[in-house]
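What follows is one structure encoded as C-alpha cells, with my remarks underneath.
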Amino acid sequence: MRIFDPHIHMTSRTTDDYEAMYTAGVRAVVEPAFWLGQPRTSPDTFVDYFDSLLGWEPYRASQFGIRHHCTIALNPKEAGDPRCRPVLDLVPRYLAKDGVVAVGEVGYDSMTPEEDEAFAAQLEMARNADLPVLVHTPHRDKAAGTRRSLDVVRESGLPPERVLIDHLNETTVAMVKESGCWMGFSVYPDTKMDEDRMVRILKEYGTERMLVNSAADWGRSDPLKTRRVGEAMLAAGFTDVDVETVLWDNPVAFYAQSGRLDLAEAEPAACYAGNTIERGG
Amino acid sequence: MTHVDQTLDRERSLDGALDGALDERGRRWLAQALERIREREEAVLELFPVAGRACGRGPMPGAPGVTVDQAVRERLLTALSSRGAELGELLWRVYRYGDAAERIAVLRALGRLDADGALGEHGLRIVRDAIRTNDARMIEAAVGPYGARRLPDAEYRQAVLKCVFVGVPLSAVAGLEQRADRELARMLADYAHERTVAGRDVPADVRPLIRRHPDVTEGRRLPEGWL
C-alpha cells in the first residue's frame, strides 16, 4: 500500500514515527503550517518555524525515505492576535519556495472579522503565487464555519478545484462535494473521524476528490491512521485501486497543481551515517 | 597547486558546463535574470528562489554532487557588483531568507565571490550560521574554500570536528592540508580515544590527521593497528 499523507505535522513527531510510517507504506507527506499549542507572540518565531518546514523537516524525512513538502500561511488560530498579524507580510516571500505546494492552513477558528481578513488576504496571495489552497474548518460550530468558508472561496474567484476543504465529517461533506472543492478528512483516535465512519462516507460519496489524512501533531493522534483507513476500505470490499485513488492519486493530483510536487526518491546522498539523525556534538 | 586553488578552478569551470546543461528556456531565463541583477542588485532576492523551477534541478554533467539549480544560483551571485561589507549584507539576506537549497548555493559560492578578496571577512556570518545547524549538507557546504581561508583557527578546528560528528567526509573539507595543526590532531585523538573506550567505531578519515602529530596519542586508546 503506497500512502501520501496530505496533512501531518511532523515537527511534533519522532524518528520512530518516521520509521513506522515508512514501514506502513508512507512515501510522501505534506506538512501544513499551523499553530504549535503554545501561542506565538512575534513574527520572528514564525520565520524560524517556516524555515524549519523548508529545511530541517524535509531533511529529517529524507533520511527515512519519505518526501516532505509543506504549505505556508498564517493559521486561523493565531490570525486574530495583533502581535502575529505582520506574518502576513512575510508569507509571500515563503510562497516562492520550491518546497511549498499550497497556501495553508487558512480558514476559520472563531469566525471573527480578523480571521475574515487574514483568510481573504491569503486567498489573494494564493492567486498571485499560482498555488492551491488548504482550508482548515473550525472545531466549534463546524457546519456554519464550513458553509462560510465555501462562501469566502466562491467570492475569491479561485476555481474550486484549486481548493481543499479539510477536517470534514458527516455533517459537512455534502456541501463541499457540491461546491466542486476537494474533500479532506482527518482520522483521529478519538475526535474528528474514525476509520469505520470514513469507510461509510466513501461508500456513500465515492472516492472522487476524497483525501484522507492523519493530521497527526502534538495532540492525541496517530500517524498510521491513513494505513488503518486503507485496511478498513479493503475489509469493506473496496479494491486496491480504490485505496490507491484515495491514499495516493488524489493527494498527488491536488498538490501537483502547484507545479512543485517532486516525488523523486529521497536522495540517498543526503544520508551519511545510515538512517540516523546525527546530533553533531 | 593547493587544494583551495583546485576547488576554485572547479567552481569556475561550472559556468562553462552550465550552458550545455540548460535548455533554451533555461538559457533565456538565466540571461534575463543576470540582466535584471546588473540593473538592480536586489532583484537577486526574487530570482533566487525561482532558479530551480526555471532551469531544472538535475545533476550537472561533469560535476559530481552539483545540481543545475545550484550552478545557476552561483552564477546569479557572480553578477553582483557590490564588494566588502555591502556584498556581505546582501548575501546574508539571500541566505537568511533562503530555503535549504538556496542556502547551500550561497555557501558554495562564497569561495569564488572572495577569489580576489572582494568579500573579505563579510561572509563569515553565513559560514558560522551554517556550521551551527545540524544539517550535514549545510555543514559540508560551509567548509569549502572560503571557510578554509577565513575561519579563525579555533573555529576551523571546531568545524572539522563537527564534520566528523555529523558524518561529513573529511575529503569534503577544504584547506586541511595547510590548516590541520597539532591542536586539531589532539582534539581528534581525544575523540578517537573516547569512541574506542566506549567500544564504538572511529571514522577512518581522522587517522591521517592524527598521525601527523604522533605525540598527541600518548596515553590515549586508539583502534587496533592505528599507529
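The values are calculated or read from the model by the stated rules, or taken from the named source; none is laboratory data. All figures in this text were calculated on a predicted structure; none of them were measured in a lab. Cβ: placed from backbone, ideal geometry, glycine included. Neighbour counts: every protein chain shown. With ligands, DNA and RNA removed, areas are computed over all heavy atoms of the protein, side chains included. Shrake-Rupley method; radii C 1.70, N 1.55, O 1.52, S 1.80 Å.
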For this session: May I ask you to list the trypsin sites (Lys or Arg not before Pro) in segment A:155-205 that are in a DSSP loop and have at most 16 other Cβ atoms within 10 Å of their Cβ?
Result: none
Exercise. Just the Cα atoms of segment A:1-105, one point each, no solvent: what log10 I(q)/I(0) does Debye give at q = 0.23 Å⁻¹?
Worked result: -1.20
Problem set entry | segment B:78-138 and segment A:159-218: distance between their alpha carbon centers, rounded to Å | 45 Å
Exercise. Taking the Cα atoms of segment A:140-271, what is the range of coordinates along each of the three principal axes, in descending order and whole Å?
Worked result: 46, 35, 32
Seminar exercise, completed: Ranked output for segments B:160-168, A:5-13, B:147-155 by mean other Cβ atoms within 10 Å, highest leading, reads A:5-13, B:160-168, B:147-155
Exercise. Taking segment A:13-61 on its own, what percent of its Cα-Cα pair distances exceed 17 Å?
Worked result: 44 percent
Exercise. For the protein assembly as shown, with equal point scatterers placed on the C-alpha atoms only and solvent neglected, what are the log10 I(q)/I(0) values from the Debye formula at q = 0.10 1/Å, to two decimals?
Worked result: -0.85
Exercise. Roughly how crowded by other chains is peptide A:96-104, in terms of the mean Cβ count from those chains within 10 Å of each of its Cβ atoms?
Worked result: 4
Exercise. Can you work out D for segment B:3-134 in µm² s⁻¹ from Stokes-Einstein, where Rh is the Kirkwood radius over C-alpha pairs, the temperature is 4 °C and the viscosity is 1.567 mPa s?
Worked result: 87 µm²/s
Problem set entry | Positive-pole candidate from A:Pro159, A:Asn128, A:Ser179, dipole of segment A:108-266, charges at beta carbon | A:Ser179
Problem set entry | Residue of A:Pro86, A:Pro39, A:Pro160 that the Gaussian network model of chain A assigns the largest fluctuation, springs spanning Cα pairs under 10 Å | A:Pro39
For this session: Would you kindly calculate the mean projected area, averaged across all directions, of the convex hull enclosing the Cα atoms of chain B, in square nanometres?
Result: 13.0 nm²
Seminar exercise, completed: Which of B:Pro169, B:Pro203, B:Pro64 fluctuates most in a GNM of chain B (C-alpha springs under 10 Å)? That residue is B:Pro64
Exercise. If you rank B:Asp23, A:Asp242 by how much accessible surface each has, with a 1.4 Å probe, what is the order from largest down?
Worked result: B:Asp23, A:Asp242
For this session: Give the residue from A:His9, A:Gly206, B:Ala136 lying farthest towards the positive end of the charge dipole for the protein assembly as shown; charges sit on Cβ (+1 for Lys and Arg, -1 for Asp and Glu) and the dipole is referred to the Cα centre.
Result: B:Ala136
Problem set entry | Residue mean of other protein chain beta carbons inside 10 Å, A:41-54 | 1
Problem set entry | segment B:184-220 versus segment A:127-156: alpha-carbon centroid distance in Å | 60 Å
Exercise. Taking the convex hull of the alpha carbon atoms in segment A:179-229, what volume per residue do you get, in Å³?
Worked result: 79 Å³
Exercise. Under the rule of -39500 (n - 2.57) per DSSP H run of 4 or more residues, summed and divided by the residues of the protein assembly as shown, what mean residue ellipticity at 222 nm is obtained, to the nearest 500 deg cm²/dmol?
Worked result: -15000 deg cm²/dmol
Exercise. How do A:Met210, B:Met187 stack up against each other in accessible area, from largest to smallest, with a 1.4 angstrom probe?
Worked result: B:Met187, A:Met210
For this session: Run the dipole for segment A:3-270 about the Cα centre, Lys and Arg Cβ at +1, Asp and Glu Cβ at -1, nothing else charged, and hand back the magnitude in debye, nearest 20.
Result: 260 debye
Exercise. Which residue fluctuates the most in chain A, going by a Gaussian network model with Cα springs under 10 Å, if the choices are A:Gly230, A:Gly80, A:Gly259?
Worked result: A:Gly259
Seminar exercise, completed: Computed for A with B: buried accessible area summed over both chains, 1.4 Å probe, rounded to 100 Å², at 1800 Å²
Exercise. What order, most packed first, do the peptides A:110-116, A:58-64 have when packing is the mean number of other Cβ atoms within 10 Å of each residue?
Worked result: A:58-64, A:110-116
Exercise. Gap in Å between the Cα centre of segment A:101-126 and the Cα centre of segment B:38-55?
Worked result: 28 Å
Problem set entry | Share of alpha-carbon pairs per 5 Å distance bin for chain A, given as whole % | 1, 6, 13, 18, 20, 18, 13, 7, 3, 1, 0, 0
Exercise. Round to a whole number: what % of the accessible area of segment B:3-134 belongs to carbon and sulfur, probe 1.4 Å?
Worked result: 48 percent
Seminar exercise, completed: Reported to the nearest 10 Å², A:Tyr49 has, with a 1.4 Å probe, an accessible area equal to 20 Å²
Exercise. Peptide B:100-111: average number of partner chain Cβ atoms within 10 Å per residue?
Worked result: 2
Seminar exercise, completed: Toy charge model, Lys and Arg Cβ at +1, Asp and Glu Cβ at -1: the protein assembly as shown dipole around Cα centroid in debye, rounded to 20, equals 780 debye
Seminar exercise, completed: With all protein chains present and a 1.4 Å probe, the order of B:Asp15, B:Asp114 from largest accessible area down is B:Asp15, B:Asp114
